[in-house]
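Accompanying notes for the structure given below.
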Amino acid sequence: METSALPVQIVQSGLGSLAAYLAAHVLLCLVPAFFIAGGLAALIPKSAITRYLGRGAPKAVAYPAAAAAGSLLAVCSCTIVPLFAGIYKKGAGLGPAVTFLFFAPAANILALTYTGAALGPEFAVARLVLSLAFGVGIGMIMALIFSEDDRAHAGEADSSFAGSDRLQPASLLLMMLLVALLIAGTLKVGFLLDSYASVTLPIHGMDAFDATLHRLVPFDPAKGEEGIGAQGAILVLLLGIIAAVAPRGLGRVDEGFNRWTWAALALVMLTLAVAAMGMQPHANGVTLHMTGKLVGVLATMAAIAWIAHRSIDRFEVQQWLWESWRFVQQIFPLLIVGVFAVGVLRVFIRPEWVETMAGANSVLANLVGVVFGVFMYFPTLVEVPVAQMFLSLGMHPGPLLAYLMADPELSLQSILITATIIGRTKAWAYVGLVALFSTAAGLTFGAWKDGTSLWLLGGWLVLFLVALAAALYAIHRRSGPMAKAA
């Protein structure tokens, strides 16, 4: 790499990473997630969250409920953060909320299915069992370490909206439709990806524009990289227009609807529709495909609009939209910074280094897998073909599983965002625990693949957990009197 070309390559990689991410993931993943988080804050009574996920809920109920909720969402570490923020703000205990934050990207149904098909059933089973055990473990450890903060949070949880303790059927239906919108936009199955009709528009030059974008933002799909084409550029442009309109519309919607509010909502719906359709530039113009995803997104948006207009109080709709915009303001700027930084880091970090350093099942090799997963963030499910590539190049199965455990949960941008929600101390404690448990998972699985007895591995794992629990209990006993004295 020539030194003179390095600054250009750094900027190109950062901007390319940001443009590709905005075009591919913000729309059908994050936009519904923000509206879900806003709905949790504005429409769902605090009691409905705390009954199952609250600090005082039975652990036998709260932690399985958090894991079960996460298993249904095929989302990445960035998309899960607004949902985590929504339930945490509404009164979920720190432990169950962290279990939800960990388990959803790590072991949702789609990720497990794809892992089993691409890497083998043993990887899928290991990912499920270890994600469940460690997700619950990390949540319980966080709740223990920060018990005083968790107790204070339980008393401060937001209940300014949704004043009724009774969950309204219309609000529940709206939330279910928002989840359906998220699933319809992100699920990669045949009937959603298939095209059922198409129309060709005589817009010449789109193929040349598409090729130019691919030259400006080069990418290698085999390495899990994503580029940006003509459709992506249109989506980024629409996002820019929304960014200009939304502060006047959604930012002031708590004072009442205005023309900017309707313009912002119309632009959001248009953008989601463009993101869901298929767009194929060619020499004769551009062909638009009516995919199953487009049908699902349009139908779900129509149902959401109908329910919000006919069955939910106008003031509650205002508060829902306003809370959603608050989450965007809190999370989105850090997301942009993080994604750009990841693009810059890609210039310096080479996959070949990981393959060389992770060829054996050692602590260092597993840590390398974890660190690579954090700084070379890949969107949800993309980590699987990347792992398949590493496996074929000689990466040991142990570090490979450590990578699969860490990559969906941690990314630079999600760490920055999580810190704004629960505080920097808790966020870095979570990062440390994920790194520790992902490394332990890789070492355990790698040792089993190398022929170590399951009984022996189970014994060592139990000893590890007992030692960790004893250390945490000692910390808790020591911090208790200190907290009371303070």
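The values are calculated or read from the model by the stated rules, or taken from the named source; none is laboratory data. Source: prediction; values computed, not measured. As a convention, Cβ positions derive from the backbone with ideal geometry for all residues, glycine included, and neighbour counts pool all protein chains shown.
Tally time: how many residues in region 111-133 are within 26 Å of Val466 (Cα to Cα) and under 18 Å from the mean Cα position of the chain (by Cα)?
Total meeting the criteria: 4.
Take the residues in region 36-70 that are surrounded by 20 or more Cβ atoms within 10 Å (Cβ to Cβ) and among the β-branched types (Val, Ile, Thr), then tell me which one is farthest from Ala180 (Cα to Cα).
Per the stated criteria, the residue is Thr50.
From the list Gly451, Gly442, which residue is out of contact with any helix residue (DSSP H, G or I) (no Cβ under 8 Å at 6 or more places or on another chain) and either of a type in the set (Gly, Ala, Ser) or surrounded by fewer than 17 Cβ atoms within 10 Å (Cβ to Cβ) (or both)?
Details: Gly442 fails: out of contact with any helix residue (DSSP H, G or I) (no Cβ under 8 Å at 6 or more places or on another chain).
Answer to the check: Gly451.
Only residues that are hydrophobic (A, V, I, L, M, F, W, C) and touching a helix residue (DSSP H, G or I) at 6+ places or on another chain (Cβ under 7 Å): list them for region 271-297, please.
Initial filter on region 271-297 (hydrophobic (A, V, I, L, M, F, W, C)): 272-277, 279, 283, 286, 288, 290, 294-295, 297.
Correct list: Leu272, Ala273, Val274, Ala275, Ala276, Met277, Met279, Ala283, Val286, Leu294, Val297.
Look at Leu144 and say whether it is surrounded by fewer than 20 Cβ atoms within 10 Å (Cβ to Cβ), in contact with a Gly (Cβ under 6 Å, 6 or more places away or on another chain), among the hydrophobic types (A, V, I, L, M, F, W, C) and at pLDDT 85 or above.
Values: surrounded by fewer than 20 Cβ atoms within 10 Å (Cβ to Cβ): yes; in contact with a Gly (Cβ under 6 Å, 6 or more places away or on another chain): no; among the hydrophobic types (A, V, I, L, M, F, W, C): yes; at pLDDT 85 or above: yes.
No, not satisfied.
Please determine whether any residue of region 404-413 is of a type in the set (Ser, Thr, Tyr), at pLDDT 85 or above and either buried (at least 21 other Cβ atoms within 10 Å of the Cβ) or within 15 Å of Gly446 (Cα to Cα) (or both). Walk me through it before giving the result.
If we filter region 404-413 for residues that are of a type in the set (Ser, Thr, Tyr), which is where we start, we get 411.
Remaining after also requiring at pLDDT 85 or above: none.
Among the residues of region 404-413, not one is of a type in the set (Ser, Thr, Tyr), at pLDDT 85 or above and either buried (at least 21 other Cβ atoms within 10 Å of the Cβ) or within 15 Å of Gly446 (Cα to Cα) (or both), which makes the answer no.
Each row is one residue, and each column tells you yes or no for (1) within 21 Å of Val339 (Cβ to Cβ); (2) modelled with pLDDT of 85 or more; (3) touching a helix residue (DSSP H, G or I) at 6+ places or on another chain (Cβ under 6 Å).
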site: Leu174; (1), (2), (3): no, yes, yes
site: Val189; (1), (2), (3): no, no, no
site: Val199; (1), (2), (3): no, yes, no
site: His214; (1), (2), (3): yes, no, no
site: Leu235; (1), (2), (3): yes, yes, yes
site: Leu238; (1), (2), (3): yes, yes, yes
site: Ile242; (1), (2), (3): yes, yes, yes
site: Val245; (1), (2), (3): no, yes, yes
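Starting from region 280-300, take each residue that is without any contact (Cβ under 8 Å) to a residue 40 or more places away in the chain and list its partners that are among the small types (Gly, Ala, Ser), counting only C-beta distances under 7 angstrom and pairs at least six apart or across chains.
What qualifies is Leu294/Ala273; Leu294/Ala276; Leu298/Ala273.
So which residues in region 111-146 are free of Cβ contacts under 8 Å to residues at least 24 places away in the same chain and either over 16 Å from Lys449 (Cβ atoms) or of a type in the set (Gly, Ala, Ser) (or both)?
Once the filter is applied, which keeps residues that are free of Cβ contacts under 8 Å to residues at least 24 places away in the same chain and either over 16 Å from Lys449 (Cβ atoms) or of a type in the set (Gly, Ala, Ser) (or both), region 111-146 yields Leu112, Thr113, Gly116, Ala117, Gly120, Ala124, Leu128, Ala133.
Select from region 339-379 the residues that are buried (at least 22 other Cβ atoms within 10 Å of the Cβ), modelled with pLDDT of 70 or more and outside any loop (DSSP other than H, G, I, E, B) and list them in ascending order.
Val339, Val342, Gly343, Ala365, Asn366, Val368, Gly369, Val370, Phe372, Gly373, Val374 - these are the residues of region 339-379 that are buried (at least 22 other Cβ atoms within 10 Å of the Cβ), modelled with pLDDT of 70 or more and outside any loop (DSSP other than H, G, I, E, B).
Phe315 versus (1) touching a helix residue (DSSP H, G or I) at 6+ places or on another chain (Cβ under 7 Å); (2) under 24 Å from Arg248 (Cα atoms): which is the lone unmet condition?
Here Phe315 clears every test but (1).
Can you pull out the residues in region 380-403 that are at pLDDT 85 or above, farther than 15 Å from Pro105 by Cα and assigned to a helix (DSSP H, G or I)?
Pro397, Gly398, Pro399, Leu400, listed by residue number.
Condition first: of a type in the set (Phe, Trp, Tyr), at pLDDT below 85 and surrounded by 22 or more Cβ atoms within 10 Å (Cβ to Cβ). Can you find one or more residues in region 20-34 that meet it? Explain how you work it out, then say what you get.
In the first step, residues of region 20-34 are kept if they are of a type in the set (Phe, Trp, Tyr); the result is 21, 34.
Narrowing the set further to residues that are at pLDDT below 85 leaves 21.
The next check asks that each one be surrounded by 22 or more Cβ atoms within 10 Å (Cβ to Cβ); those that pass are 21.
Yes, some residue in region 20-34 is of a type in the set (Phe, Trp, Tyr), at pLDDT below 85 and surrounded by 22 or more Cβ atoms within 10 Å (Cβ to Cβ).
State yes or no: is Pro218 at pLDDT below 80 and of a type outside the set (A, V, I, L, M)? Steps first, answer last, please.
Numbers: at pLDDT below 80: yes; of a type outside the set (A, V, I, L, M): yes.
When the stated conditions are applied, Pro218 passes them.
Which of the residues spanning region 380-431 are among the aliphatic types (A, V, I, L, M), touching a Gly at 6+ places or on another chain (Cβ under 7 Å) and within 29 Å of Gln329 (Cβ to Cβ)?
Val382, Ala406, Leu410, Leu412, Leu416
Given Ala275, Ala263, Ala283, Ala246, which one is assigned by TED's automatic domain parsing to the domain that holds Leu18, in contact with a Phe, Trp or Tyr (Cβ under 9 Å, 6 or more places away or on another chain) and among the aliphatic types (A, V, I, L, M)? Give the steps one after another, and end with the answer.
Numbers: Ala275 fails: in contact with a Phe, Trp or Tyr (Cβ under 9 Å, 6 or more places away or on another chain); Ala263 fails: in contact with a Phe, Trp or Tyr (Cβ under 9 Å, 6 or more places away or on another chain); Ala283 fails: in contact with a Phe, Trp or Tyr (Cβ under 9 Å, 6 or more places away or on another chain).
Result of the check over Ala275, Ala263, Ala283, Ala246: Ala246.
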